[in-house]
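The values are calculated or read from the model by the stated rules, or taken from the named source; none is laboratory data. Values in this document were obtained by computation on a predicted structure and should not be read as measured data. Using ideal geometry, Cβ is built from the backbone for each residue, glycine included, and neighbour counts are taken over all protein chains shown.
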Amino acid sequence: MSSSNLKNTIRTQREKLTAMLAEEMHELALRSVPLLKDREALDSLLTDTLPELSFCKHLYILNSDGVQITDNVTQTGKDDSHFGRDRMDRPYMEGIIGTTDFKLSDAYISRNKKRPSFTAIQVIRNEAGERVGFLGADFDLRELPGIKEIYQEPNNWRQIKGDPAIRSAVMRQQRADSEMDKHLDEVIPIISELMSEHGVFHGKLHFSSSRATLWLIEDPFSYRILSIDELIDPDICLAYPRHAYHERAIVPADKIMPVFELFRRLRFADENIYLRAGSLNLINGMVGLNFSCDGSHYMRFDEFLEKSTDFWFGTQKD
């Protein structure tokens with residue numbers, strides 16, 4: 001499932017962060033033990049050590065009860081406003097006692113700058129192995145290096161239920177012919193042409209509102225909106241220069257029109273549950289469907305083409 005893959009990606013990134021931080025924080029914790037009763041000496045130690053943790057935002061030490069006994073040492077100096085602060089009830093302290101000596105917290109939104117952050121906590125132990133304090137380090141996710149590999153969305157079929165209020169009333173509504181419904185014989189060939197010959201790699205037809213949204217290979221950061229009048233005019237192809245079929249496209253060009261023709265069938269197959277919008281992405285090969293019951297589906301184009309209308313409107317209605 002997609003959520004499982006996403007969690008695996010997050011877990012891998014956390015393992016990388018732990019490997020990057022754990023050893024340095026353990027060594028710093030050992031060096032802090034003889035200085036725990038000397039606030040000034042601890043501040044100096046953290047100040048001297050912070051450059052070794054160049055991506056650390058705040059560095060501080062707590063006593064065994066979780067009360068801060070140093071300033072917050074930062075890359076720009078010391079902040080004494082947190083001295084004496086009780087951090088024991090903070091989420092990143094949960095589970096640190098009696099289970100592990102190092103913990104990397106879940107990401108959270110920082111109180112001050114409202115940015116995704118996380119905290120690493122290292123238990124400080126004396127020579128007898130007794131817990132005598134905690135070393136804390138705060139990090140801003142946007143400032144960390146080397147952990148931003150792109151998560152790859154899986155291509156398995158995904159079904160997402162929509163608004164319960166819409167779903168409960170679906171049998172009391174009935175499809176009304178839109179302007180696009182009346183002109184699909186023109187719309188489908190034109191959007192297929194734009195995608196196969198004019199650099200559109202993602203196309204979405206909004207049947208109910210009679211419009212299309214397009215994303216182009218040459219300008220992927222912006223989308224275009226075409227009205228029904230533009231969608232039924234073959235001259236629209238003149239507005240988009242010819243473009244070779246992209247090498248990353250995994251949808252064969254001759255499968256584009258069959259996908260949109262199947263959209264047509266799903267639009268008219270049932271008067272209560274019908275397709276409101278359908279999209280095709282040539283690069284990842286995914287089809288997106290949104291039905292009148294507000295349910296959404298995502299699946300690979302080839303799997304989609306294998307499904308009959310019975311799959312959607314037989315015993316497996318969304």
Of the residues in the range 200-257 that are small (Gly, Ala, Ser) and surrounded by fewer than 16 Cβ atoms within 10 Å (Cβ to Cβ), the one that is farthest from ALA176 (Cα to Cα) is ALA244
Which condition from (1) of a type in the set (A, V, I, L, M); (2) crowded, with 16+ Cβ neighbours inside 10 Å; (3) outside any strand (DSSP E or B) is the one that VAL33 breaks?
(2)
For the range 72-111, which residues satisfy the criterion of being in contact with a helix residue (DSSP H, G or I) (Cβ under 9 Å, 6 or more places away or on another chain) and within 15 Å of GLY133 (Cα to Cα)?
PHE83, ARG87, ASP101, PHE102, LYS103
Quick check on PHE207: is it in the same structural domain as LEU266 (by TED's automatic domain parsing) and free of Cβ contacts under 8 Å to residues at least 12 places away in the same chain?
no
Counting only residues in the range 38-56 that are farther than 21 Å from VAL123 by Cβ and within 35 Å of the chain's Cα centre (by Cα), the one modelled with the highest pLDDT is identified as PRO51
Evaluation of ASN156 against (1) in a loop (DSSP other than H, G, I, E, B); (2) under 35 Å from the mean Cα position of the chain (by Cα); (3) at pLDDT 65 or above; (4) over 26 Å from VAL287 (Cα atoms) (one fails), failing number
(4)
Per the filter on the range 261-285, residues buried (at least 20 other Cβ atoms within 10 Å of the Cβ), of a type outside the set (S, T, N, Q) and within 15 Å of LEU214 (Cα to Cα) are ALA277, GLY278, LEU280, LEU282
If we ask which residues in the range 248-279 are of a type in the set (S, T, N, Q) and touching a Gly at 6+ places or on another chain (Cβ under 6 Å), their number turns out to be 1
